[in-house]
Amino acid sequence: MYKITDVLISEEEISKKVYELAKTIEKEYKGEEVVFVGILKGACVFISDIIRKIDLDICLDFMAVSSYGMSTQSSGVVRILKDLDSDIEGKNVIIVEDIIDTGLTLSYLRENLMARNPKSLKICTLLDKPERRKCDIPVDYVGFKIPDKFIVGYGIDCGEKFRNVPYIGIVEKQD
Ligand code: PRP
Ligand code: MN
Ligand code: MG
């Protein structure tokens with residue numbers, strides 16, 4: 001059984017950072033339309049919060065992919081469980097992720113979305129674990145760089161649990 005043993009990033013710290021990222025994006029895309037693509041399920045909380053702080057003409061879309069499943073190790077195999085509803089050709093697109101770990105999920109998604117000829121494609125992630133990276137991937141907006149600890153909350157799960165925890169917590173296995 002896994003239990004939260006510590007708080008890594010508090011609700012207040014998250015909300016301050018989400019606001020900062022939102023304002024940076026707002027400035028950079030002033031006068032433009034942007035399609036925000038949330039990667040389910042992990043990004044559901046982050047994308048809901050950030051879009052409400054961005055005063056731009058936006059469209060919201062989602063993709064559901066899974067590389068981990070119920071396992072805690074990335075398999076490297078990315079499965080598309082749900083594709084975009086909309087055509088992104090000629091559109092400004094921002095992929096919104098909760099966390100970049102090995103980078104395998106985003107590197108696959110980036111290639112996949114680039115092939116659809118968007119006007120631009122950027123990546124926004126709340127968390128980044130650079131120590132774990134297995135492939136190079138350009139990340140445009142990063143909330144927090146974090147150490148290689150097993151974390152949950154704010155959309156991030158451990159065996160599908162803890163997504164509703166409002167802060168980023170560290171989990172440890174307890175018997
Ligand atoms: C997690 C997380 C990222 C991805 C990061 O998703 O939400 O999408 O793994 O790992 P990577 O950089 O090593 O590819 P997961 O596959 O667990 O699906 P979920 O979002 O539904 O929990
Ligand atoms: Mn995910
Ligand atoms: Mg997961």
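The values are calculated or read from the model by the stated rules, or taken from the named source; none is laboratory data. Quick caveat, the model's predicted, so the values are computed rather than measured. A quick note on method: Cβ atoms are made from the backbone with ideal geometry, for glycine too, and the neighbour counts reach across all protein chains shown.
Observations, loosely collected:
- Verdict on I137 being out of contact with any helix residue (DSSP H, G or I) (no Cβ under 9 Å at 6 or more places or on another chain) and surrounded by 12 or more Cβ atoms within 10 Å (Cβ to Cβ): no
- Which listed residue is within 14 Å of ligand 3 (Cβ to nearest atom) and closer than 17 Å to K41 by Cα, from V152, V96, V171: V152
- Condition check for K91 on (1) within 17 Å of the chain's Cα centre (by Cα); (2) away from ligand 2 (no atom under 13 Å from the Cβ); (3) within 16 Å of S120 (Cα to Cα): one failure, at (1).
- Residue match in the range 73-91 (condition: within 29 Å of E12 (Cα to Cα) and within 13 Å of ligand 1 (Cβ to nearest atom)): no
- Screening the range 75-86 for residues that are modelled with pLDDT under 95 and closer than 20 Å to C124 by Cα and picking the one that is nearest to ligand 3 (Cβ to nearest atom) gives V78.
- Total residues in the range 34-69, condition in contact with an Asp or Glu (Cβ under 7 Å, 6 or more places away or on another chain) and modelled with pLDDT under 95: 0
- Odd one out for I95 among (1) in contact with a Gly (Cβ under 9 Å, 6 or more places away or on another chain); (2) away from ligand 1 (no atom under 14 Å from the Cβ): (2)
- For the range 1-45, the set of residues classified as touching a Cys at 6+ places or on another chain (Cβ under 9 Å) and farther than 26 Å from K173 by Cβ consists of L21, I25, E33, V34, V35, F36, G38, listed by residue number.
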